[in-house]
Every structure is written in C-alpha cells, then in structure tokens.
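Engineer: Here it is: the structure, laid out below.
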Amino acid sequence: MKTRIYYDSTDAGGIVYHTEYIKFCEQARSEIFFEHNIFFENEGYVVKNIKANYISSAKLGDIIEIKTFITDIKNASVLVHQEIYKESKKIFEADIKLAYIKNSKISKIPENHLKVLNEYKIEG
C-alpha cells in the first residue's frame, strides 16, 4: 500500500510522529481484507504484541510504501512482518502478533481469512 504523508501525521518540523508508523501498518493490514471484500462486524484482529524498529524518518509530503508479509499462522493468531519504505529505502519495520476475536472472544480464524492471509505468507 502506498500513501502520502500529510500534515496531521507530522510534528511542527514536518517529521512523522513515531506512532503514525504503527497506524500506517494497521491501515495496510486492513486494506488487504478490504481488497478481498472482507469487512469486519463484531470481529477483527487485535494486537497482542509488537516489536518496532525505527530506522529513518519520513517527512511531510513524502510518499511511503507499506509492505506486509505473514510469517506464521496459528488457529487464532497470526504473525505479521511489515516494512515501510521511502524511495525504496527501508525506514521502519515491525513484527506484530495479532489475535483474532469474534464477539469479544479469541476465536479460530475463519477459512475465508486464512485464504487471504496465505496469499501474503512467506517462509522463514
């Protein structure tokens, strides 16, 4: 997913706030499901833990690209690796464990979700 950096994502110096990178990753993960016509109602994925590495920063007006890879899928959770690039230079990466919930309870990931997640699965 590509997006432009707008003023509301930056500080007074035009540098992206650190929390915005996590928001961009969330948007990219959501977009994967939206592209497959999956919309959430009383279900979704919640972050169990996240390990983030800030390498460099983006600034107001930059166009960034968020790449998403699935590294592991369990019954009710998924491990995601996401990277953010600016002009083909990696500026951020995160490893995120997500739990699937339905009606506020941890649940088995549905088959139609597994099909989508497996499209982004990488080995290793």
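Throughout, read-outs are computed from the coordinates displayed, never taken from laboratory work. Since the model is a prediction, treat every value here as computed from it, not as a measurement. Virtual Cβ from ideal backbone geometry, glycine too; neighbours counted across all protein chains shown.
Engineer: Taking the alpha-carbon centroid of each part, what is the distance from the range 1-68 to the range 89-124 in angstrom?
Structural biologist: Cα centres, the range 1-68 to the range 89-124: 15 Å.
Engineer: Determine ³J(HN,Hα), in whole Hz, for all residues of the range 95-108 in sequence, where each value follows from phi through the Karplus function 6.51 cos²θ - 1.76 cosθ + 1.60 and θ = phi - 60°; x replaces Gly and Pro.
Structural biologist: 10, 10, 9, 10, 10, 8, 10, 9, 6, 6, 10, 4, 9, 5
Engineer: Could you go through the range 28-41 in sequence order and give the Karplus-derived ³J(HN,Hα) for each residue, using 6.51 cos²θ - 1.76 cosθ + 1.60 with θ = phi - 60°, rounded to whole Hz, and x for Gly and Pro?
Structural biologist: 5, 5, 4, 4, 4, 6, 4, 4, 9, 6, 10, 10, 9, 9
Engineer: Now a separate question. For the range 19-106, which GluC sites (Glu not before Pro) are both in a DSSP coil and crowded by at most 16 other Cβ atoms within 10 Å?
Structural biologist: Values: sites: 20, 26, 31, 35, 41, 43, 65, 83, 87, 93; in loops: 41, 87.
Within the range 19-106, the qualifying GluC sites (Glu not before Pro) (loop, at most 16 other Cβ atoms within 10 Å) are 41, 87.
Engineer: Another question, then. What list do you get for 19, 10, 71 if you sort them by fewest beta carbons within 10 Å?
Structural biologist: Details: 19 10, 10 19, 71 16.
By the 10 Å Cβ count, ascending: 19, 71, 10.
Engineer: Report the net charge of residues surrounding residue 72, where surrounding means a beta-carbon distance below 11 angstrom and charges are Lys +1, Arg +1, Asp -1, Glu -1. Could you put the intermediate results ahead of the total?
Structural biologist: Working: positive: 74, 97, 121; negative: 95, 123.
Charge balance near residue 72 sits at +1.
Engineer: Can you put 29, 4 in order of Cβ neighbours within 10 angstrom, beginning with the fewest?
Structural biologist: Working: 29 21, 4 11.
Lowest count first: 4, 29.
Engineer: Hey, what number do you get for the chain at 222 nm if only DSSP H runs of n ≥ 4 count, each worth -39500 (n - 2.57), divided across all residues, to the nearest 500? Each step should come with its number before you reach the end.
Structural biologist: Values: 2 runs with 27 residues, N = 124.
Dividing the helical sum by the residues of the chain leaves -7000 deg cm²/dmol.
Engineer: Of all chymotrypsin sites (Phe, Trp or Tyr not before Pro) in the range 1-64, which ones are in loop regions per DSSP and have a Cβ with at most 13 other Cβ atoms within 10 Å?
Structural biologist: Details: sites: 6, 7, 17, 21, 24, 33, 34, 39, 40, 45, 54; in loops: 6, 17, 39, 40.
Here the sparse-neighbourhood loop sites are 6, 17, 39, 40.
Engineer: Please check: in the Gaussian network model of the chain (C-alpha springs, under 10 Å), which one of 67, 89, 97 has the largest mean-square fluctuation.
Structural biologist: 89
Engineer: Something else about it: Compute the relative contact order of the chain as a whole-number percentage, counting only Cα pairs closer than 8 Å that sit 6 or more residues apart in sequence.
Structural biologist: Values: 219 pairs, mean separation 34.9, N = 124.
RCO, the chain: 28 percent.
Engineer: Could you go through the range 111-117 in sequence order and give the Karplus-derived ³J(HN,Hα) for each residue, using 6.51 cos²θ - 1.76 cosθ + 1.60 with θ = phi - 60°, rounded to whole Hz, and x for Gly and Pro?
Structural biologist: Listing the rounded values in order: 4, 5, 6, 4, 4, 5, 4 Hz.
Engineer: Another question, then. If you build the convex hull over the alpha carbons only and average its shadow over all orientations, what do you get for the range 2-119? Give it in nm² to one decimal.
Structural biologist: Details: hull surface 30.3 nm².
Mean orientational projected area (the range 2-119, Cα hull): 7.6 nm².
Engineer: Structure shown: which of 2/23; 48/105; 51/121; 59/97; 86/115 lie over 22 Å apart, alpha-carbon to alpha-carbon? The partial results should precede the final answer.
Structural biologist: Values: 2/23 13 Å; 48/105 13 Å; 51/121 19 Å; 59/97 28 Å; 86/115 30 Å.
The answer is 59/97; 86/115.
Engineer: Determine, for 46, 116, the number of other Cβ atoms within 10 Å of each Cβ, and report the residues in order from fewest to most. Let's see the in-between values first.
Structural biologist: Details: 46 12, 116 16.
With the fewest neighbours first, 46, 116 line up as 46, 116.
Engineer: Same structure, new question: Assuming R0 = 25 Å, what is the FRET efficiency of residue 119 and residue 39, from their Cβ-Cβ distance, to the nearest 0.05?
Structural biologist: Details: r = 18 Å, r/R0 = 0.71.
Efficiency, rounded to the nearest 0.05: 0.90.
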